[in-house]
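Let me begin by presenting the structure, written as structure tokens, before commenting on it.
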């Protein structure tokens with residue numbers, strides 16, 4: 001375990017920063033494996049010079065995410081990776097931003113959203129999602145086709161905008177802003193600017209739905225009458241941002257793996273149970289929230305042999321937890337037949353991703369539709385993201401196979 005007293009300001013520059021960069025698209029952030037093997041918890045130099053902690057052990061990660069001694073409030077915690085982006089928490093406090101709240105305040109908003117995103121309700125969307133996916137595939141033409149820009153990116157955007165009741169023209173604006181907001185190359189001012197633009201756009205959508213009551217979750221919130229305009233805008237923001245970028249990258253990485261491993265694709269093709277197991281393994285293995293999520297200690301906590309002081313921030317490394325060999329045998333093997341669904345890809349505890357069932361339905365449909373067509377295409381090239389908090393691809397091009 002690496003440990004340096006918090007007060008040793010002159011030595012903080014010698015502390016490690018969070019592992020970043022990858023040697024390959026399916027490799028963990030460089031240095032993360034070695035850090036995890038050296039111990040379950042380490043001192044870490046955060047963005048802006050703060051000193052915090054990183055926990056890499058599966059069970060300790062689950063403990064942090066369930067203990068009331070650790071808060072989600074953004075005003076109490078720091079970021080290991082970017083002073084404004086953090087781990088995806090918006091850089092400004094707005095009414096209704098429940099991802100940055102603790103119970104019982106968090107519970108009020110969570111209950112409203114979770115009721116609309118139950119698995120049964122999400123499964124009712126399978127047919128329409130399948131139709132949209134097939135339409136996007138059918139529209140792809142050319143000697144090479146980019147599956148990211150052509151299908152993997154627009155599909156989740158179309159689904160979440162339909163669910164919310166957001167016009168597709170507005171969705172295009174939101175998508176561009178979201179990409180810039182999540183880029184580690186964006187300055188803090190740029191991130192705040194993009195956040196403001198997305199929030200303003202969605203605020204105008206809420207105003208339009210208050211006037212026309214067009215179908216969607218925003219109108220449902222209006223009719224429910226429990227939330228203010230600002231609160232509804234915040235909820236829409238959280239659902240849009242949670243339901244787009246992460247799903248896009250999970251789809252693209254899953255397709256890349258199957259294109260590179262046709263025997264695996266053939267083994268699960270047409271078998272919904274096998275596709276379900278493969279999807280959960282993809283979620284574990286890709287662990288696309290690559291820098292984890294942070295919490296702030298609000299009381300003294302003994303954890304993994306160290307004492308966390310009130311006011312200190314701790315980063316929960318979801319990728320490290322999902323590759324903990326004491327929890328997942330042979331964790332560095334991507335085994336689509338693995339039946340263990342205990343991964344932390346969606347987090348854990350009361351803040352576990354509220355849209356996870358929607359994500360699962362979208363991923364299932366994306367895999368099923370792809371597997372119906374995969375042998376019509378050959379992998380051409382791909383490009384890995386290297387500047388965002390969400391791991392994924394910027395490009396995945398395929399070449400249609402010519403009939404003999």
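The values are calculated or read from the model by the stated rules, or taken from the named source; none is laboratory data. It should be emphasised that the depicted structure is a prediction, and the values quoted were computed from it without experimental measurement. Backbone-built Cβ (ideal geometry, glycine too); neighbour counts: all protein chains shown.
Determine, yes or no, whether residue 174 is part of a helix (DSSP H, G or I), farther than 21 Å from residue 231 by Cα, in contact with a helix residue (DSSP H, G or I) (Cβ under 6 Å, 6 or more places away or on another chain) and in contact (Cβ under 8 Å) with a residue 12 or more places away in the chain.
no
Taking the stated definitions as given, is residue 3 modelled with pLDDT under 85, surrounded by fewer than 19 Cβ atoms within 10 Å (Cβ to Cβ) and touching a helix residue (DSSP H, G or I) at 6+ places or on another chain (Cβ under 6 Å)? Explain how you work it out, then say what you get.
Details: modelled with pLDDT under 85: yes; surrounded by fewer than 19 Cβ atoms within 10 Å (Cβ to Cβ): yes; touching a helix residue (DSSP H, G or I) at 6+ places or on another chain (Cβ under 6 Å): no.
Here the answer is no, as residue 3 does not meet what is asked.
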Worksheet item: Looking only at the range 228-241, which residues are modelled with pLDDT of 90 or more, surrounded by 20 or more Cβ atoms within 10 Å (Cβ to Cβ) and touching a helix residue (DSSP H, G or I) at 6+ places or on another chain (Cβ under 7 Å)?
Response: 232, 233, 235, 236
Item to complete: Spot the failing condition for residue 225; the list is (1) touching a residue at least 40 places away in the same chain (Cβ under 8 Å); (2) surrounded by fewer than 23 Cβ atoms within 10 Å (Cβ to Cβ); (3) out of contact with any helix residue (DSSP H, G or I) (no Cβ under 6 Å at 6 or more places or on another chain), and only one is missed.
Response: (1)
Fill in: Matching option when the condition is at pLDDT below 95 and touching a helix residue (DSSP H, G or I) at 6+ places or on another chain (Cβ under 6 Å), among 294, 287
287
Response to the item:
Taking the range 385-399 and keeping only residues that are at pLDDT 90 or above and out of contact with any strand residue (DSSP E or B) (no Cβ under 6 Å at 6 or more places or on another chain), one is left with 391, 392
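Could you go through the range 365-377 and let me know if any residue there is at negative phi, touching a strand residue (DSSP E or B) at 6+ places or on another chain (Cβ under 8 Å), surrounded by 15 or more Cβ atoms within 10 Å (Cβ to Cβ) and touching a residue at least 24 places away in the same chain (Cβ under 8 Å).
Checked against the condition, which is being at negative phi, touching a strand residue (DSSP E or B) at 6+ places or on another chain (Cβ under 8 Å), surrounded by 15 or more Cβ atoms within 10 Å (Cβ to Cβ) and touching a residue at least 24 places away in the same chain (Cβ under 8 Å), the range 365-377 yields at least one hit.
I need the helices (runs of 4 or more DSSP H) fully contained in the range 99-160, keeping only those with at least 1 residues that are at pLDDT 90 or above, in contact with a helix residue (DSSP H, G or I) (Cβ under 9 Å, 6 or more places away or on another chain) and within 15 Å of residue 373 (Cα to Cα). Spell out how you get there, then give the answer.
Details: elements: 105-116, 119-123, 126-139.
Result: 126-139.
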